[in-house]
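The structure appears right after this line, and notes come after that.
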Amino acid sequence: MDWRPILKKVDAFFAPIYAILPFTHYGLVMRLVRGHGETILDVGCADGAFMEFIIKNSKENKIPTGVDIFEPYLKKAKTRKIYKRLVKKDIKNLDESIGRFDIVLCSQVIEHLTRREGLKLIANLENIAKRRIIFIIPVGGLPQDPYDGNPYQKHLSAWYPRDFKEKGYKVWGQGARILYGYGNRVRKLGPISYIFSLVSFIFWPMLALKPEWAIYMFCWKDN
């Protein structure tokens with residue numbers, strides 16, 4: 001059984017709590033976007049659920065623009081009524097013609113590109129970001145096949161903390177790899193996977209120093 005639709009609803013219900021917990025996936029992104037301007041470019045915005053969380057739980061005024069290539073996702077994102085603008089575009093060709101933004105957020109996206117395409121995207125997004133650029137990426141290989149009828153959901157590359165540290169990014173780890181392994185445990189175990197999230201709090205100080213031991217990494221750099 002694919003638990004993701006159910007877990008998305010659970011996450012939406014507990015969103016206000018996640019937003020104030022400093023070591024959760026959601027708490028970390030809220031910390032990174034806070035105080036760095038109003039305009040946000042949401043690269044690979046998908047259905048807009050993650051950005052909706054940010055907007056609804058931020059005490060600051062945030063003005064997001066979303067970009068994605070998959071039309072059904074853009075239609076869902078539009079119904080959330082949080083984006084100033086939604087653009088259908090292949091992010092491999094994203095450049096400054098879309099404009100410049102205070103914050104550029106690229107969450108769970110670059111692993112869907114080849115290494116060559118990903119390196120090009122990093123360089124392009126650094127030119128688009130006026131104040132801060134943020135990547136949220138699985139650490140190493142995290143297998144994923146297409147779903148939602150979207151062929152772009154397949155993972156094509158693996159990334160590691162050193163890839164971003166060498167480019168001047170700060171990197172934090174989130175979620176202990178020893179708990180989550182290399183498969184999609186959330187999809188397989190459903191609600192039981194929340195136990196991993198609770199136990200991960202114990203590992204937070206270690207993952208801040210050793211992000212390569214995490215399941216996800218948060219990489220950011222200020223311009």
### Task
Only residues that are in contact with a Leu (Cβ under 6 Å, 6 or more places away or on another chain) and part of a helix (DSSP H, G or I): list them for the stretch 113-127, please.
N124
#### Entry: Hey, E117 surrounded by 15 or more Cβ atoms within 10 Å (Cβ to Cβ), among the acidic types (D, E), touching a residue at least 12 places away in the same chain (Cβ under 8 Å) and under 24 Å from V33 (Cβ atoms) or not
no
### Query
So which residues in the stretch 64-78 are under 17 Å from the mean Cα position of the chain (by Cα) and surrounded by fewer than 19 Cβ atoms within 10 Å (Cβ to Cβ), if there are any at all?
I69
### Message
Can you list residue pairs whose Cβ atoms sit under 6 Å apart, with the first residue in the stretch 138-159 being free of Cβ contacts under 8 Å to residues at least 60 places away in the same chain and the second being basic (K, R) and outside any loop (DSSP other than H, G, I, E, B)? Count only pairs 6 or more apart in sequence or on different chains.
### Response
S157/R115
### Query
So which residues in the stretch 129-147 are of a type in the set (A, V, I, L, M, F, W, C) and under 10 Å from M217 (Cα atoms), if there are any at all?
F135, I136, I137, V139
### Message
Let me confirm something: among M30, M51, which residue is among the hydrophobic types (A, V, I, L, M, F, W, C) and farther than 28 Å from K154 by Cβ?
### Response
M30
### Message
I need the full set of residues from the stretch 152-199 which are part of a helix (DSSP H, G or I), crowded, with 17+ Cβ neighbours inside 10 Å and at pLDDT 90 or above, in order please.
### Response
P161, D163, F164
#### Entry: Single match in N127, N61 (criterion: out of contact with any Ser or Thr (no Cβ under 7 Å at 6 or more places or on another chain), modelled with pLDDT of 95 or more and surrounded by fewer than 20 Cβ atoms within 10 Å (Cβ to Cβ))
N127
### Query
M206 is checked against (1) modelled with pLDDT under 80; (2) crowded, with 17+ Cβ neighbours inside 10 Å and fails just one. What number does that condition carry?
(2)
#### Entry: Filter result (part of a strand (DSSP E or B), buried (at least 16 other Cβ atoms within 10 Å of the Cβ) and not β-branched (V, I, T)) within the stretch 132-151
R132, F135, P138, G140, N150
### Message
The conditions are (1) buried (at least 16 other Cβ atoms within 10 Å of the Cβ); (2) assigned to a loop (DSSP other than H, G, I, E, B), and K81 fails exactly one of them. Which is it?
### Response
(1)
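The values are calculated or read from the model by the stated rules, or taken from the named source; none is laboratory data. Here the structure is a predicted model, which means the values were calculated and not measured. Note: ideal-geometry Cβ built from the backbone for every residue, glycine included; neighbour counts use all protein chains shown.
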